[in-house]
Every structure is written in structure tokens, then in C-alpha cells.
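So the structure is just underneath, and the comments pick up after that.
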Amino acid sequence: MIIRLATAADSAAAAGVVEAVYAEYGFAWEPEGCQADLYDLGTHYLDRGHLVWVATDGVAVEGLVGLKLFDPVPGPAGSAVEVEEAVRLAGCDAALARLYVHPRARRRGAGTDLLRTALDAARQRGRRAVEIWSDKRLEEAHRLYERFGARPVADRLIFDPDPCEEWGLVVDLGGA
């Protein structure tokens with residue numbers, strides 16, 4: 001797998017990867033709602049200073065991950081706090097977004113490489129902690145996060161559009 005920075009032109013392929021995973025788990029797909037960001041990576045991520053990478057096999061996009069960068073979430077580090085009507089993890093100054101690997105491309109290291117790339121980029125930008133929210137049913141993803149030092153600190157219920165119980169995990173990066 002080749003990991004490279006995404007461009008706005010990767011939007012449809014990225015959406016296809018996530019849609020395949022949603023179909024695998026029986027999650028509802030809402031392209032004009034909760035998944036609208038995937039159809040326009042430029043507007044939702046790249047133009048806002050966030051980063052997105054894709055994993056390709058040289059032809060097709062097989063996975064993706066985003067890294068959102070922001071000022072630290074206020075509150076005691078690692079605690080769940082409400083910010084703008086959303087539960088967030090205090091002390092985090094970056095967030096993992098949309099780490100997905102197409103089912104046909106699993107077991108080839110794409111998820112590991114994508115996660116490593118995002119965390120390395122956060123470190124290079126002087127970030128201290130990365131927030132990850134992950135559906136509790138995605139146990140394989142949680143094992144991957146834990147291998148990189150993620151620790152669960154909270155949970156929340158969201159509707160995207162299905163009711164979804166999520167773990168809130170933090171990866172402490174140190175430094176600043």
C-alpha cells in the first residue's frame with residue numbers, strides 16, 4: 001500500500017471506502033447528512049488546514065484517515081466535556097477522523113500505516129494529545145488504536161443517523 005496526502009479529487013473514492021465499511025456493519029448511509037464531508041474533502045478538511053491521507057494499491061483508494069488540528073479542548077486533560085453540544089475529550093489538540101480500510105484491502109497494513117502517518121504528523125506539528133471517537137462495535141479498530149497507546153477515557157451516544165455508542169480514546173503524544 002502507498003500512503004499519500006489526499007486531494008479533493010479523492011473525495012468520491014474515499015466516500016466509497018467508508019460506504020463499503022458501513023454496508024459491512026449494517027450502518028445507515030446518509031450522503032447528504034453525516035457522510036457529506038466525504039464527498040468534499042477539500043471544503044470539509046483540506047481548505048480548513050486539516051490533513052487527509054489515502055492508502056492506495058497503486059490504482060484504487062483502499063483506505064483513508066483524517067487529522068483535524070485545533071486549539072486544545074478546555075477542561076481537565078482526558079475528561080469528557082461538552083463543547084458546542086458535542087462530547088469532546090479535554091486537553092486534546094488534534095482528532096483522528098475517518099480511519100477506514102475497505103474490507104477487501106484489510107490485513108495488508110493499510111490501517112497501521114494510516115494511523116502511524118496521522119500520529120507522526122500530529123507529533124511533527126507539536127500536538128500533545130489526539131482524540132479518537134470510535135463506534136463500540138469496531139473492535140478490530142480499537143485493538144489497532146491500543147497498539148499505538150490509545151486509552152479509553154469516556155463514551156458517548158450519537159446519532160449519525162443511527163444511534164451509535166462510541167468510545168472516546170486519547171493518544172498522548174507528549175511534547176508541545
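List of remarks:
- Within the stretch 115-137, at least one residue is of a type in the set (S, T, N, Q) and part of a helix (DSSP H, G or I).
- Leading residue by the ranking (nearest to ALA90 (Cα to Cα)) among those in the stretch 29-75 that are without any contact (Cβ under 8 Å) to a residue 60 or more places away in the chain, part of a loop (DSSP other than H, G, I, E, B) and of a type in the set (Asp, Glu): ASP71
- Candidates are the residues of the stretch 104-157 that are of a type in the set (A, V, I, L, M) and closer than 19 Å to ALA86 by Cβ; the one that is surrounded by the most Cβ atoms within 10 Å (Cβ to Cβ) is VAL130.
- Residues in the stretch 81-130 that are within 15 Å of LEU5 (Cβ to Cβ) and among the basic types (Lys, Arg): 3 in all.
- Answer from THR117, THR112 - the residue that is more than 22 Å from CYS34 (Cα to Cα) and touching a strand residue (DSSP E or B) at 6+ places or on another chain (Cβ under 6 Å): THR117
Every number in this text was worked out from the coordinates using simple rules, so none of it is lab data. Note that this is a predicted model, so its numbers are computed, not measured. For neighbour counting, all protein chains shown are included, and Cβ atoms are generated from backbone atoms with ideal geometry for every residue, glycine included.
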